[in-house]
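Below is one structure, written out as structure tokens; the observations come after it.
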Amino acid sequence: MDYRNPKLLLDANQLPTGKVKWRSPSNIALVKYWGKHGRQLPRNASLSLTLSAAHTETELHYRPKKEHNDRVPVNLFLDGTPQPAFAERVQGFFEGITTIYPFLRQLDLSVYTSNSFPHSAGIASSASAMSALALCLCSLERKFFLALSDDQAFFRKASYLARLGSGSASRSLYPVAALWGYHTEVKGSSDEVAIPFADQLHPVFQSFRDTIVLVSKATKQVSSSAGHQLMEQNVFADVRYQQANQHLSRLLLASREGDLEIFGSIIESEALTLHALMMTSNPSYILMEPATLEMIQRVRAFRTEQQLPLYFTLDAGPNLHLLYPSEHMEAIGAFIQESLAPLGTGQIIEDSVGQGPVEID
Ligand code: DP6
């Protein structure tokens, strides 16, 4: 896949002014992406459910740039407040893709972004934020060069660009579920882009819920990017990548057949492995909190006692994601409220499998 294109330059005498806007969701990985190499290429394939309530809305404003240089100046506002650190990351992302989109060097860009979830909730926002930006960029290409008229090509390129911004963002482009990374058993899978996965899932997963129980609002001590880096020296790295491939093979089958028990055992193992890898990194670190462990024990006890399909997963943080079919919402919802929420900050976020990004006029 080579998206480099020196022809995507604007007429210097008629540089445009305008804006584009997208809403893009977060996603929750079932098989985790943990470890990367080269230019944002994953060490193993990952699979995620696309979320709905947790999303980012991003408006990208453009106007002619006054100076002639190689920079891509970016102003960035989160809920109206300037965010210099995030602006710098986005500027680095844009400057890194000027061989794909050389027109970016001709424009002054301002990004107005907001998240549906509270800033301080400790919820990862890079997947929704970077995918929303990538979509805005593809909209610019569509607008300026009348290209990417085919939706499949549009979202594929957006996934490629989103990956360069943040690996997990490549998976936020499609309804219901996405798979990123080459896997021998998945036709069309690639390390460079995520592919849609909805049609491979049994209907039971299409309306799955993800209730997030917040354990801590503190920002992470170790960023995901630093965590990926530590995998390069982790003594368990090779077996982990093998395990991820095997997990994915088994999950593909369980997802097609709607086998909740196998699905649950794999996603819980993935979550615990992710955190075990952090604990066995050098330097080692721990992102789970005592409350996370207590909740995990309670989820497992509840499952055995009630015989209900409630499973957990974790991101790179202490908050517990609870996955279950929507038909059990009442019984499971009550258990989460009464037995889990009080162990954390008391705050929960109700999310469910979603339909993917939307362009906003
Ligand atoms: C634990 O996508 O945030 O959420 O590519 O460095 O931006 P970068 O990392 P990022 O890593 C996410 C890791 C994870 C698992 C996952 O989403 O697959």
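Each reported figure results from applying straightforward, stated rules to the coordinates on display, with no laboratory input. Computed from a prediction, not measured in an experiment: that's the story for all the values here. Here Cβ is always computed from backbone atoms with ideal geometry, including for glycine, and neighbour counts include all displayed protein chains.
D for region 1-113, whole µm²/s, Stokes-Einstein with Kirkwood Rh over alpha-carbon pairs at 37 °C and 0.692 mPa s: what number?
Answer, rounded: 202 µm²/s.
May I ask for the Kirkwood hydrodynamic radius of region 131-209, worked out over all distinct Cα pairs and given in angstroms to one decimal?
That comes to 13.1 Å for region 131-209.
If neighbour count is taken as other Cβ atoms inside 10 Å, put VAL176, VAL235, VAL31, VAL358 in order from fewest to most.
VAL235, VAL358, VAL176, VAL31
Calculate the translational D of region 1-67 in whole µm² s⁻¹ from Stokes-Einstein, where the hydrodynamic radius comes from the Kirkwood formula applied to all Cα pairs, the temperature is 10 °C and the viscosity 1.306 mPa s.
Approximately 99 µm²/s, per Stokes-Einstein.
Show that you can apply the helix-only estimate: for the chain, add -39,500 (n - 2.57) for every DSSP H stretch of four or more residues, divide by all residues, and state [θ] at 222 nm to the nearest 500.
-11000 deg cm²/dmol
With +1 on each Lys and Arg Cβ and -1 on each Asp and Glu Cβ, and nothing else charged, work out how big the dipole of region 240-349 is about its Cα centre, in Debye to the nearest 20.
With Lys and Arg at +1 and Asp and Glu at -1, about 320 debye.
Determine the sum of side-chain charges near SER225: Lys and Arg each +1, Asp and Glu each -1, restricted to other residues whose C-beta is under 11 angstrom from that of SER225.
Around SER225, the charge tally is +3.
What list of ³J(HN,Hα) couplings, whole Hz, do you get for region 218-224 from phi and the Karplus terms 6.51, -1.76, 1.60, once you set θ to phi - 60° and write x for glycine and proline?
Per residue, the Karplus-derived 3J(HN,Hα) values read 5, 6, 4, 6, 10, 6, 4 Hz.
What shape does region 89-151 take by its C-alpha gyration tensor, where a ≥ b ≥ c are the square roots of the eigenvalues and a/c under 1.5 counts as rounded, a/b above b/c as prolate, and the rest as oblate?
Verdict is prolate for region 89-151.
Taking 7 Å along the Cα-to-C-beta vector as the label spot, tell me the GLU261-SER284 distance in nanometres, rounded to one decimal.
Each label point lies 7 Å from its Cα, and together they span 3.4 nm.
Mind checking the dipole of the chain: about its Cα centre, +1 per Lys or Arg Cβ, -1 per Asp or Glu Cβ, Debye to the nearest 20?
Charge dipole of the chain: 980 debye, to the nearest 20.
Kindly express, to the nearest 10 degrees and within the range 0 to 90, the angle between helix 151-165's C-alpha long axis and the longest C-alpha principal axis of the chain.
80
Net charge near LEU137, counting Lys/Arg +1 and Asp/Glu -1 over other residues with Cβ under 11 Å of its Cβ?
It works out to a net charge of +2.
Take the alpha carbon gyration tensor of region 182-246, find the square roots of its eigenvalues, order them as a ≥ b ≥ c, and report rounded if a/c is under 1.5; if not, report prolate when a/b exceeds b/c, else oblate.
Because a/c hits 1.5 or more and a/b fails to exceed b/c, region 182-246 counts as oblate.
Summarise the long-distance tail of P(r) for region 73-228 by giving the % of C-alpha pairs beyond 23 Å.
So the portion of pairs separated by more than 23 Å is 45 percent.
Give me the angle, in degrees from 0 to 90, between the Cα long axis of helix 290-306 and the longest principal axis of the Cα atoms of the chain, rounded to the nearest 10.
That helix lies at roughly 60 degrees to the long axis.
Which of SER125, THR345, ILE286 sits farthest toward the positive end of the charge dipole of the chain, with +1 on the Cβ of Lys and Arg and -1 on the Cβ of Asp and Glu?
Highest projection toward the positive end goes to SER125.
Give, rounded to the nearest 20 debye, the magnitude of the charge dipole that region 1-134 has about its Cα centre when Lys and Arg contribute +1 at Cβ and Asp and Glu contribute -1 at Cβ.
300
Quick query: amide H of GLY356 versus all other amide H atoms, modeled in the peptide plane; which residues come in under 5 Å with a sequence gap of 5 or more or a different chain?
VAL176
Using Cα positions and a limit of under 30 Å, work out the lysines in reach of LYS66, with same-chain residues fewer than 8 apart set aside.
By straight Cα distance, LYS66 reaches LYS7, LYS19, LYS21, LYS143, LYS157.
Given 20 °C and 1.002 mPa s, how large is the Stokes-Einstein diffusion coefficient of the chain in µm²/s, with Rh as the Kirkwood radius over Cα pairs?
102
Give me the percent of Cα-Cα pairs in region 191-347 that sit more than 23 Å apart, rounded to a whole number.
Counting every Cα pair in region 191-347, those more than 23 Å apart make up 44 percent.
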